[in-house]
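J.: Sending over a structure as structure tokens; questions will come in a sec.
The values are calculated or read from the model by the stated rules, or taken from the named source; none is laboratory data. All of these numbers come straight from a predicted model, not from anything done at the bench. In this analysis, Cβ positions are derived from the backbone assuming ideal geometry, glycine residues included, and neighbour counts consider all displayed protein chains. Protein only, heavy atoms only, side chains kept; ligands, DNA and RNA dropped before computing areas. Shrake-Rupley method; radii C 1.70, N 1.55, O 1.52, S 1.80 Å.
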Amino acid sequence: MRLFSALLERLAFTPARTVKLALLRAYFAEAPDPDRGYALAAIAGTLVLPAARRSLIRDIATARVDPVLFELSYDYVGDLAETVALIWPVREAAVEEPPSVSLVVETLRAATKSEMPGIVERWLDASAPSVRYAILKLMTGGLRVGASGRLAKTALAEIAGIAPDEIEEIWHGLEPPYRPLFDWIEGRESRPDPAGAPVFRPPMLAHPLEDADLAALDPEDWRAEWKWDGIRVQLVRTAGGVRLYSRTAENIGAAFPEILDALDATGEAVALDGELLVLRDGEAAPFAELQQRLNRKTPTGAMMARFPAFVRLYDILFDNGEDVRGLAFDVRRKRLEAWVERVRPERMDLSRLIPFADFSELAALREAARAASIEGLMLKRGASAYLPGRPRGMWWKWKRAPLTVDAVLMYAQRGHGKRSSYYSDFTFGLWREGEDGPELVPIGKAYFGFTDEELRFLDRWVRHHTIGRFGPVREVEKALVLEIAFDAAQRSTRHKSGIALRFPRIARIRADKPAHEADGLDAFVKAYLAH
Amino acid sequence: MKATEWLVPRAEGLYCAPGDFFIDPLVPVPRAVITHGHADHARPDHGAVLATEETLAIMRLRLGEDRAGATQQPLRYGEELTVGGVRLRLEPAGHVLGSAQAVMERAGTRAVVSGDYKRAPDPTCRAFAPVPCDLFVTEATFALPVFRHPDPLREIDKLLRDVKLFPDRTHVVGCYALGKCQRLIALLRQAGYDGPVWLHGALRPLCGLYERFGVALGDLRPATEAAKGELCGGIVLAPPGAIADRWARRLADPVVCLASGWMQVRQRAKSRGVELPLIISDHADWDALLTTCREVGAEDIWVTHGREDALIHALAGFGIRGRALRLIGYEEDETA
Ligand SMILES: [Zn+2]
Ligand SMILES: [Zn+2]
């Protein structure tokens, strides 16, 4: 547990991806089996443990610590597991070794409720604070690792010198503590065979299309469809089970049980690629409605009725158990259409192909499509096989030109990691008529879009125009106009302005523009939220 | 006459009436006894100043010759002096070089003002010596049971392992200029690190002073004079304010570390943007505060700066009467 808790601590404070990878590699190289396998599961979120009640932890702590001191401490620290980890008074002469990760996992799985307090006390007595913290977080299921499962798999792939997708392809056929995986990574055994398991297949991704790229494309070779603004998913059904995966291989089925049911009802051995959306009056709803569902690990019946989910199908990867990824897009498209026609699945429909003669026609269509649920167009080469990753020249995403607004910089905050010495998180606002004349209302935050040079400019500007400080936040003179680009505007009750921007970023610094000429909130609402 | 009758808290600070002097006063006074050189204890422009030789030297260095007291009187640890109606001596506090507890006796009663102190071993200063007394004035910077400082060498080991793991990055450790900086260097040396330690300009004068008082710190070099690439894999010490600021930008892909007792609490480390928190403190932790308060056997304990409520509550459990002084003007941060 010592190695694991040290890893957790270091990961929690480290923003940089490359550093996290190095830490993970070092851990996997040093930690023994099966500890490292359970650690991998904890990071990837595949470790299923019966969750201990928080009251158990509180109770064993307050049995040993004066309740007044405990409350004062909890108040100061703000986190129960951390408070207990730090405050835990060790009894004299703790001779036991701290428990290993595997011992903790296996014990938590097997122990009865009445045994638990005694076991946990012994563990806490034998451990240092950071180990206690890791144990308590494992128990309460509140472990925030500061690294994703994908990152851990990437670290393993780097150890083996292979592509992370090779691990991804078999991942969902494996279980903690993943010994066959480590055996393969370290060259002792051959690659584990996922057999009939409903594993995730690395998705094929698109490159952004610049207008300049268009000239080189022959419209004959290309198929167009809308790029829907939901989340990309993969539906897999085999004899071994049903799964709904996100693009990053996360198993999100529990959040969308109606999709799993619909998929299972097909009775087919199939893998499909599509966009998860919420249905509103027979149409795809804006992303914000899907967000309501994504926020929940398991939905209530009311949520499912208010925000019904469905999948708009883009592609087919396995058809009746047959791997069709090697076939051309045009051929797969025929197979997909035939499959939908034959099976008539619930809660699924086909993403329609858009006929076009030339790209200018397509460009006009793209600009005319104002529906919030459409992000832009996809162009797919008719002859393209389904290849994992982002192969060049196969698929393009042709997003709608971003919308822009001229806003005024209001607050700035320091960034993280490499940017921690710069003011690089910016809150901006629009004008509206207040009781005492024009006032600014914050409409969003942006922390990217600028070049290094622009960042240096903004940082200097913030330092020289600070008029107030609230903790890490600086309020600045309302004097700098920023051109903010964004993908869509939505209504929001969580923001004072009543609107929320999707993907806001700083397109340009308009130091030339006087602040009072920045845009007004009313005009903005009329332009972008009228429907 | 009880000690609580002749040692009295006043707006200017603690006042010893029969000796007519203040201890660590917050504003300029005619006569001051200074426990140690930290800015919130050693303030400028007093008349006569009495302190250890080391503390006086630190004051001259930090405040300037003209503001470190109109007259300065050094007193060795353990040496006794009669001032007006009290006998006064200084005993080591284990906090920083020259730090002392002021021990005052009058008519068979004894009061001890500890200033800041710690009980953990520190190669750069004399160890705290508990003095039995009737009235003990203690700090309470880390007076919550969540603050139990780990072995500092374990924290140094954490740092050195990280340096090994990221040999192309520069580890920049934020530390207070007086005490923490020199202790870190001494701990590094104790752990067998004999490479150069690079210093921010603001840390150099006090390191020089420590060495003049016989604390060997090894190979120290100014960070600004490092050749390109020389800092990769190196350890740079800088004041806490500089580690996340423009000064740190010159460093190669820095790992921002901060050495402080506050690093025990994750949120504190996070909010400082620290990548590698090092829990190294020059103050007594919870256990050391309780042990000390019981060891000196005082009937009355006055708590000056920090979290008085928890400490007073715990002392009551041992039948010791605690009282919060709430002297305004002491700072909790950075030096911790
Ligand atoms: Zn101090
Ligand atoms: Zn102090």
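Residues checked against (1) assigned to a strand (DSSP E or B); (2) more than 14 Å from chain A (Cβ to nearest Cβ); (3) away from ligand 1 (no atom under 16 Å from the Cβ):
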residue: B:111; (1), (2), (3): yes, yes, yes
residue: B:116; (1), (2), (3): no, yes, no
residue: B:121; (1), (2), (3): no, yes, yes
residue: B:126; (1), (2), (3): no, yes, no
residue: B:136; (1), (2), (3): yes, yes, yes
residue: B:144; (1), (2), (3): no, no, yes
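J.: Now for a separate question. With the requirement that a residue be β-branched (Val, Ile, Thr) and either in contact with a His (Cβ under 9 Å, 6 or more places away or on another chain) or modelled with pLDDT of 90 or more (or both), what does region A:294-330 give you?
T.: Residues satisfying the conditions are A:300, A:311, A:316, A:324.
J.: Still on this structure, I have one more. Of everything in region B:146-165 that's open to solvent by 10 Å² or more (accessible area, probe 1.4 Å) and in a loop (DSSP other than H, G, I, E, B), which residue is nearest to residue A:85 (Cα to Cα)?
T.: Ranking the candidates gives B:148 first.
J.: Same structure again: Which members of region A:131-143 meet the condition of being part of a helix (DSSP H, G or I), open to solvent by less than 30 Å² (accessible area, probe 1.4 Å) and either more than 19 Å from residue A:4 (Cα to Cα) or within 14 Å of chain B (Cβ to nearest Cβ) (or both)?
T.: The answer is A:131, A:132, A:134, A:136, A:137.
J.: Would you please list the contacts, defined by Cβ atoms under 6 Å and residues six or more apart or on different chains, that run from a residue in region A:301-320 that is closer than 23 Å to residue A:204 by Cα to a residue that is open to solvent by 30 Å² or more (accessible area, probe 1.4 Å) and assigned to a helix (DSSP H, G or I)?
T.: A:316/A:335; A:319/A:335
J.: In the set B:5, B:54, which member is within 16 Å of ligand 1 (Cβ to nearest atom) and either part of a helix (DSSP H, G or I) or not assigned by TED's automatic domain parsing to the domain that holds residue B:112 (or both)?
T.: So the residue among B:5, B:54 that is within 16 Å of ligand 1 (Cβ to nearest atom) and either part of a helix (DSSP H, G or I) or not assigned by TED's automatic domain parsing to the domain that holds residue B:112 (or both) is B:54.
J.: Any idea how many residues of region B:118-138 are surrounded by 24 or more Cβ atoms within 10 Å (Cβ to Cβ), over 30 Å from residue B:194 (Cβ atoms) and of a type outside the set (A, V, I, L, M, F, W, C)?
T.: Here the count works out to 1.
J.: Let me ask something additional. Which of the residues belonging to region B:76-109 are within 15 Å of ligand 1 (Cβ to nearest atom), without any contact (Cβ under 8 Å) to a residue 40 or more places away in the chain and small (Gly, Ala, Ser)?
T.: B:94
J.: Considering each residue of region A:384-421, count those that are in contact with a Phe, Trp or Tyr (Cβ under 7 Å, 6 or more places away or on another chain), open to solvent by 20 Å² or more (accessible area, probe 1.4 Å) and modelled with pLDDT of 95 or more, and give that number.
T.: Within region A:384-421, residues that are in contact with a Phe, Trp or Tyr (Cβ under 7 Å, 6 or more places away or on another chain), open to solvent by 20 Å² or more (accessible area, probe 1.4 Å) and modelled with pLDDT of 95 or more number 0.
J.: Within region A:246-286, which residues are farther than 21 Å from residue A:174 by Cβ and β-branched (Val, Ile, Thr)?
T.: Answer for region A:246-286, where residues must be farther than 21 Å from residue A:174 by Cβ and β-branched (Val, Ile, Thr): A:259, A:266, A:270, A:278.
J.: Let me ask something else about it. Quick one: which of A:31, A:26, A:61 is within 14 Å of chain B (Cβ to nearest Cβ), farther than 27 Å from residue B:147 by Cβ and surrounded by 15 or more Cβ atoms within 10 Å (Cβ to Cβ)?
T.: None of the other options fit; the residue is A:26.
J.: Given the condition free of Cβ contacts under 8 Å to residues at least 24 places away in the same chain, open to solvent by 30 Å² or more (accessible area, probe 1.4 Å), within 13 Å of chain B (Cβ to nearest Cβ) and not acidic (Asp, Glu), answer yes or no: does some residue in region A:443-462 qualify?
T.: yes
J.: Among (1) within 16 Å of ligand 1 (Cβ to nearest atom); (2) part of a loop (DSSP other than H, G, I, E, B), there is one condition residue B:184 misses while meeting the rest; what is its number?
T.: (2)
J.: Kindly list the number of the only condition in (1) within 17 Å of residue A:143 (Cα to Cα); (2) surrounded by 15 or more Cβ atoms within 10 Å (Cβ to Cβ) that fails for residue A:50.
T.: Status for residue A:50: all satisfied but (2).
Here is a yes/no grid of residues against (1) within 26 Å of residue B:204 (Cα to Cα); (2) of a type in the set (S, T, N, Q); (3) free of Cβ contacts under 8 Å to residues at least 40 places away in the same chain:
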residue: B:3; (1), (2), (3): no, no, no
residue: B:8; (1), (2), (3): no, no, yes
residue: B:25; (1), (2), (3): no, no, yes
residue: B:28; (1), (2), (3): no, no, yes
residue: B:55; (1), (2), (3): yes, yes, no
residue: B:63; (1), (2), (3): yes, no, yes
residue: B:74; (1), (2), (3): yes, no, yes
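J.: What are the pairs, 6+ residues apart or on separate chains, where a residue within region B:116-130 that is free of Cβ contacts under 8 Å to residues at least 40 places away in the same chain has its Cβ under 9 Å from a residue that is basic (Lys, Arg) and open to solvent by 20 Å² or more (accessible area, probe 1.4 Å)?
T.: As it stands, the answer is B:127/B:119, since those pairs meet every condition given.
J.: Another one. Kindly indicate which of A:180, A:99 is under 30 Å from residue A:55 (Cα atoms) and either over 25 Å from the mean Cα position of the chain (by Cα) or not in a helix (DSSP H, G or I) (or both).
T.: A:99
J.: Looking only at region A:332-370, how many residues end up being in a loop (DSSP other than H, G, I, E, B) and either open to solvent by 50 Å² or more (accessible area, probe 1.4 Å) or more than 30 Å from residue A:305 (Cβ to Cβ) (or both)?
T.: Counting residues in region A:332-370 that are in a loop (DSSP other than H, G, I, E, B) and either open to solvent by 50 Å² or more (accessible area, probe 1.4 Å) or more than 30 Å from residue A:305 (Cβ to Cβ) (or both) gives 10.
J.: Hey, any hits in region B:279-300 for a residue that's among the small types (Gly, Ala, Ser) and open to solvent by 60 Å² or more (accessible area, probe 1.4 Å)?
T.: no
J.: What is the number of the single condition among (1) away from ligand 1 (no atom under 16 Å from the Cβ); (2) in contact (Cβ under 8 Å) with a residue 60 or more places away in the chain; (3) open to solvent by 10 Å² or more (accessible area, probe 1.4 Å); (4) out of contact with any strand residue (DSSP E or B) (no Cβ under 7 Å at 6 or more places or on another chain) that residue B:67 does not meet?
T.: (2)
J.: Here is a follow-up. In this structure, is residue A:108 open to solvent by less than 40 Å² (accessible area, probe 1.4 Å) and within 28 Å of the chain's Cα centre (by Cα)?
T.: So residue A:108 does not fit the description; no.
Rundown of residues vs (1) buried (at least 17 other Cβ atoms within 10 Å of the Cβ); (2) hydrophobic (A, V, I, L, M, F, W, C), yes/no style:
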| site | (1), (2) |
| --- | --- |
| B:73 | no, no |
| B:88 | yes, yes |
| B:103 | yes, yes |
| B:106 | yes, no |
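J.: For region B:13-31, how many residues are more than 16 Å from ligand 1 (Cβ to nearest atom) and on the phi < 0 side of the Ramachandran plot?
T.: Going through region B:13-31 one residue at a time, the tally reaches 12.
J.: Right, next: Confirm whether residue B:271 is closer than 21 Å to residue A:12 by Cβ and within 16 Å of ligand 2 (Cβ to nearest atom).
T.: Taking the combined requirement at face value, the residue does not satisfy it.
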